[in-house]
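The values are calculated or read from the model by the stated rules, or taken from the named source; none is laboratory data. None of these values were measured; they are calculated from a predicted model. All Cβ positions, even for glycine, are placed from backbone atoms using ideal geometry, and neighbour counts span all protein chains on display. What goes into the accessible areas is simple: the full protein's heavy atoms, side chains included, and nothing from ligands, DNA or RNA. Shrake-Rupley method; radii C 1.70, N 1.55, O 1.52, S 1.80 Å.
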Amino acid sequence: MGTTAKEEMTRFWEKNTKSNRPVSPHVTIYKWSLPMAMSITHRGTGVALSLGVSLFGLAALLLPEQFPHYLAMVKSLSLGPALICSAKFALAFPFTYHTWNGVRHLV
């Protein structure tokens with residue numbers, strides 16, 4: 001019969017210990033590059049977009065009022081233009097970055 005996963009892992013670590021193989025380096029020693037940063041940002045924006053869409057859909061299902069009511073509520077707060085522009089950027093950046101980085105990857 002075959003071996004169990006525990007036996008395989010034990011054999012693997014015994015072999016590596018005997019051969020003095022180095023363990024994989026920690027993330028902090030890698031030199032950052034543009035493709036690495038773009039990949040991490042692409043994954044981060046993808047997670048943020050999926051969470052945002054899921055939360056928006058859940059809110060649309062569970063909140064008692066319609067969207068115009070909540071929009072009027074936000075407008076009544078009289079937020080400054082700097083805060084409104086920052087919020088718009090925070091909403092638009094993940095969409096645009098994730099889309100264009102995906103197109104770049106496909107090309």
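Ligands, DNA and RNA aside, THR41 has an accessible area near 50 Å² when probed at 1.4 Å. Given R₀ = 41 Å, what would the calculated FRET efficiency be for TRP13 paired with ARG43, taking r from the Cβ atoms and rounding to 0.05? Given R0 = 41 Å and the Cβ-Cβ separation, E is 0.85. Each of HIS69 and ALA82 was given a label point 7 Å from its Cα along the Cα-to-Cβ line. The distance between the two points is 3.4 nm. Helices meeting the span-like rule in the chain (full DSSP H runs, Cα extent of at least 20 Å along the helix axis, mean Kyte-Doolittle score of -1.0 or higher): 34-62, 81-106.
Per-residue SASA remark: LEU71, around 80 Å² accessible (1.4 Å probe; ligands, DNA and RNA not included). Entry comment: accessible area of segment 61-101 is 88 Å² per residue, from protein heavy atoms only and a probe of 1.4 Å. In this rough spin-label picture, where each label sits 7 Å from Cα along the Cβ direction, the ASN20-TRP32 distance is 3.6 nm. Shape verdict for segment 34-106, please, from the Cα gyration tensor: rounded (a/c under 1.5), prolate (a/b greater than b/c) or oblate. Here segment 34-106 falls in the oblate category. Which lysines have a Cα less than 25 Å from the Cα of LYS15, not counting those fewer than 8 places away in the same chain? Within the straight-line limit of under 25 Å, LYS15 reaches these lysines: LYS6. What accessible surface, in Å², does a 1.4 Å probe find on TRP13, ignoring ligands, DNA and RNA and rounding to the nearest 10? Accessible surface of TRP13 is approximately 130 Å². Applying a DSSP loop filter and a limit of 11 other Cβ atoms within 10 Å to the chymotrypsin sites (Phe, Trp or Tyr not before Pro) in segment 30-68 leaves TYR30, TRP32. Could you tell me the center-to-center distance, by alpha carbons, between segment 6-33 and segment 52-84 in angstrom? Using only Cα atoms to place each centre, the spacing works out to 49 Å.
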